[in-house]
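Working notes, structure below.
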Amino acid sequence: MIRLRFAPSPTGYLHIGSARTFIFNWLYARRHGGTMILRIDDTDLERNTQASLDSIFDGLNWLGLGWDEQYRQSERLAQHRQAAEAIFHKGHAYRDFTPAGSEEKSHAAGPWLCNPGMRELPAEESDRRAAAGEPFVLRYRVPRETRADVRFADAVYGGQCKATADVEDFALLRSDGMPTYHLASCADDVDLRISHIVRGQDHLSNTFKHILIFESLGADPPRFAHLPLLVAPDGAKLSKRRHGPVVSVTTYRDAGFLPHAYVNFLCLLGWSPKDNREQMSRQELIEAFSFEGVNRANAVVNFKDQDPIDPKALWLNSQHLRSMPIEDLAPMVKAELDGAGLAVPYGDEWLSRTVDVLRARFFTLKDFATRARAYFADDFPIEPDALGKLDQPQARELLGELGSRLAASSEFSEQSVEAELRKLAAERGVKAGLLINGARAALTGQPVGPSAFAVFAAIGRERVVARLGKVYAQ
RNA sequence: GGCGAUGUGGACAAGAGGCUAAGUCGCCCGCCUCUCAAGCGGGUCAGCGCGGGUUCGAUUCCCGCCAUCGCCGCCA
């Protein structure tokens, strides 16, 4: 049985690195017909917030990948304590009565391994003090008297080995009786029969401790695959304080990214199909995913202070935007327009045609509500460069004439408009480009955009006539 | 400080003991064209962290160093 889990702790919003970890877990599960589990690691009562939990669900739901089973660690406390007890009774853990915060764990002198005296405290004294109600931390008794190594094979980083002598006596239970991350996570991984742990490389060193816990619990450790970290251009770990919106997936959602395109982008950070493909569908990603394709070096998210969006992410989004089925895109555009207070002036068929015309030069969903405002509303700004097109000699007058002719013509299509426009240009001895570019400026307020005749068709006769007339009037 | 990892162009990222070290993004130029994109064509950017060693030959194997990252919490 292949079973993977994504285990976020609700102490902040969904970080893009976490999102990527979720995605890689999901891809592996789907690739091998496994089960994807979402486990909320909320054992740190002090720092958990509902807002954070909401934001994590928001982010995951936006990615749209889904999961098969869901758990919450705080509902599994009984199992965690049972696991702690089992380890204690095996003699693999001891009580540490050192008061919280009284130790100085300075790294300058060397690594902290354990509190002297506590590890060797006689059982009777330990029991007596515990019975008397003295608070204690339950620590794992890492075997270090004799030479021993902890080993495991990481699917990404290869064989790993560390002497137990270098592993500190980490905590299993806090003095308030709550399990620590290490204990809760491993106990749950055993209970939930997790077969593969895929997580950030920041846990690589912790894995040695986890192997010890798994062994004490009498369980075979799962397979491990650690992922390189996502870092800032200066190599520093991505942090909310220093890097702001770059680290939150909601930034990309709010910037008008397509969920699938963003998933695609995240996949390419630290993983490659090795065959030069960049734009990939969900199915292609599933079929191509493997840990062999995962890189070992941290991946830089290439953003700037002024612009949180990685240029490659934007490019990839445009590729998906331009090639995805129009019937999938149209509803997303509609939602975007709704959000911007814009209404679709004609029917769904018109929307689809118009979206198709526009998307060839758009990058995000946001563009439909901003750059394409003139297609959906009558109040749109005239850009300075567009004004330049209108202020060519004779332009306004000719556009006004064109408007009158189009109002009176029997047909209104790309072809008929083009014929009418070229005929007018020929009659007056001006280049068609004068009218073509002028019309685009008058109809959209922009100097650039789709083929002008496609614009005429998209704007529709009534609005075309009105806008051309308005330009002449000015 | 100890331990664990990583180091190919601005970013992503292939690669293999030996042909001119892929590709993508970005940037620049040209073609096309009613504009802008797209598309097509071309260009820019690394000799593979540094120093040794092995080898006929190493960026690829070995050693040392340096740099960077991670862990060393009663956070996860």
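Just one of (1) open to solvent by 20 Å² or more (accessible area, probe 1.4 Å); (2) more than 13 Å from RNA strand B (Cβ to nearest atom) trips up A:L173, so point out which.
If we test A:L173 against (1) open to solvent by 20 Å² or more (accessible area, probe 1.4 Å); (2) more than 13 Å from RNA strand B (Cβ to nearest atom), just (2) comes out false.
Which of the helices (runs of 4 or more DSSP H) contained wholly in segment A:33-141 include at least 2 residues that are farther than 23 Å from A:L217 by Cβ and open to solvent by 60 Å² or more (accessible area, probe 1.4 Å)? Before the answer, list the steps.
On the way: elements: A:50-63, A:77-89, A:123-131.
In segment A:33-141, the matching helices (runs of 4 or more DSSP H) lie at A:50-63, A:123-131.
Any idea which of (1) free of Cβ contacts under 8 Å to residues at least 12 places away in the same chain; (2) at positive phi is the one A:G235 doesn't satisfy?
Here A:G235 clears every test but (1).
Does A:R353 satisfy the condition of being out of contact with any Ser or Thr (no Cβ under 9 Å at 6 or more places or on another chain), basic (K, R) and over 28 Å from A:R199 (Cβ atoms)?
Working: out of contact with any Ser or Thr (no Cβ under 9 Å at 6 or more places or on another chain): yes; basic (K, R): yes; over 28 Å from A:R199 (Cβ atoms): yes.
Answer is yes for this residue.
For segment A:249-268, name all the residues that are in contact with an Asp or Glu (Cβ under 9 Å, 6 or more places away or on another chain) and either open to solvent by 20 Å² or more (accessible area, probe 1.4 Å) or not in a loop (DSSP other than H, G, I, E, B) (or both).
Hits for segment A:249-268 are A:V249, A:T250, A:R253, A:N264, A:F265, A:L268.
Do we find that A:A473 is under 21 Å from A:P384 (Cα atoms) and open to solvent by 30 Å² or more (accessible area, probe 1.4 Å) in this structure? Lay out the reasoning, then the answer.
Details: under 21 Å from A:P384 (Cα atoms): yes; open to solvent by 30 Å² or more (accessible area, probe 1.4 Å): yes.
Considered against the rule, which asks whether it is under 21 Å from A:P384 (Cα atoms) and open to solvent by 30 Å² or more (accessible area, probe 1.4 Å), A:A473 comes out as yes.
Within segment A:1-32, count every residue that is in a loop (DSSP other than H, G, I, E, B) and within 13 Å of RNA strand B (Cβ to nearest atom). Don't jump to the end; show me each part of the working.
Going through segment A:1-32, the residues in a loop (DSSP other than H, G, I, E, B) turn out to be A:1-2, A:7-14, A:32.
Then drop every residue that is not within 13 Å of RNA strand B (Cβ to nearest atom), which leaves A:7-12, A:14.
Qualifying residue count for the region: 7.
I need every pair where a residue in segment A:397-411 that is in the same structural domain as A:V465 (by TED's automatic domain parsing) and closer than 11 Å to A:V465 by Cα has its Cβ under 6 Å from the Cβ of a residue that is of a type in the set (D, E, K, R) and surrounded by 14 or more Cβ atoms within 10 Å (Cβ to Cβ), sequence separation at least 6 or different chains.
A:R405/A:E420
Determine which single condition A:S290 fails, assuming it passes every other condition in (1) within 9 Å of RNA strand B (Cβ to nearest atom); (2) among the hydroxyl-bearing types (S, T, Y); (3) farther than 30 Å from A:D234 by Cβ.
(1)
In segment A:214-229, is there at least one residue being assigned to a helix (DSSP H, G or I), in contact (Cβ under 8 Å) with a residue 12 or more places away in the chain, outside the structural domain of A:L45 (by TED's automatic domain parsing) and in contact with a helix residue (DSSP H, G or I) (Cβ under 9 Å, 6 or more places away or on another chain)? Quick ask: steps written out before the conclusion?
First, pick out the residues of segment A:214-229 that are assigned to a helix (DSSP H, G or I): A:214-216.
Now narrow it down to the ones that are in contact (Cβ under 8 Å) with a residue 12 or more places away in the chain: A:214, A:216.
Narrowing the set further to residues that are outside the structural domain of A:L45 (by TED's automatic domain parsing) leaves none.
For segment A:214-229, residues assigned to a helix (DSSP H, G or I), in contact (Cβ under 8 Å) with a residue 12 or more places away in the chain, outside the structural domain of A:L45 (by TED's automatic domain parsing) and in contact with a helix residue (DSSP H, G or I) (Cβ under 9 Å, 6 or more places away or on another chain): absent.
Hey, any hits in segment A:207-217 for a residue that's under 18 Å from A:A7 (Cβ atoms) and within 28 Å of the chain's Cα centre (by Cα)?
For segment A:207-217, residues under 18 Å from A:A7 (Cβ atoms) and within 28 Å of the chain's Cα centre (by Cα): present.
(1) within 12 Å of RNA strand B (Cβ to nearest atom); (2) out of contact with any helix residue (DSSP H, G or I) (no Cβ under 9 Å at 6 or more places or on another chain); (3) in the same structural domain as A:R39 (by TED's automatic domain parsing): which one isn't true of A:D96, the others all being true?
Here A:D96 clears every test but (3).
Taking A:L269 as meeting all but one of (1) more than 9 Å from RNA strand B (Cβ to nearest atom); (2) aliphatic (A, V, I, L, M); (3) closer than 25 Å to A:L14 by Cα, write down the number of the exception.
Unmet for A:L269, out of (1) more than 9 Å from RNA strand B (Cβ to nearest atom); (2) aliphatic (A, V, I, L, M); (3) closer than 25 Å to A:L14 by Cα: (1).
Quick check, is A:S352 open to solvent by less than 70 Å² (accessible area, probe 1.4 Å), among the hydroxyl-bearing types (S, T, Y) and within 16 Å of RNA strand B (Cβ to nearest atom)? Lay out the reasoning, then the answer.
Values: open to solvent by less than 70 Å² (accessible area, probe 1.4 Å): yes; among the hydroxyl-bearing types (S, T, Y): yes; within 16 Å of RNA strand B (Cβ to nearest atom): no.
In short, no.
Of all residues in segment A:177-198 being open to solvent by 10 Å² or more (accessible area, probe 1.4 Å) and either among the basic types (K, R) or assigned to a helix (DSSP H, G or I) (or both), which is farthest from RNA strand B (Cβ to nearest atom)?
So the residue we want is A:R193.
The values are calculated or read from the model by the stated rules, or taken from the named source; none is laboratory data. Please read these numbers as outputs of a predicted model, since none were measured by experiment. A quick note on method: Cβ atoms are made from the backbone with ideal geometry, for glycine too, and the neighbour counts reach across all protein chains shown. To get the accessible areas, we keep the full protein, side chains included, count just its heavy atoms, and leave off ligands, DNA and RNA. Shrake-Rupley method; radii C 1.70, N 1.55, O 1.52, S 1.80 Å.
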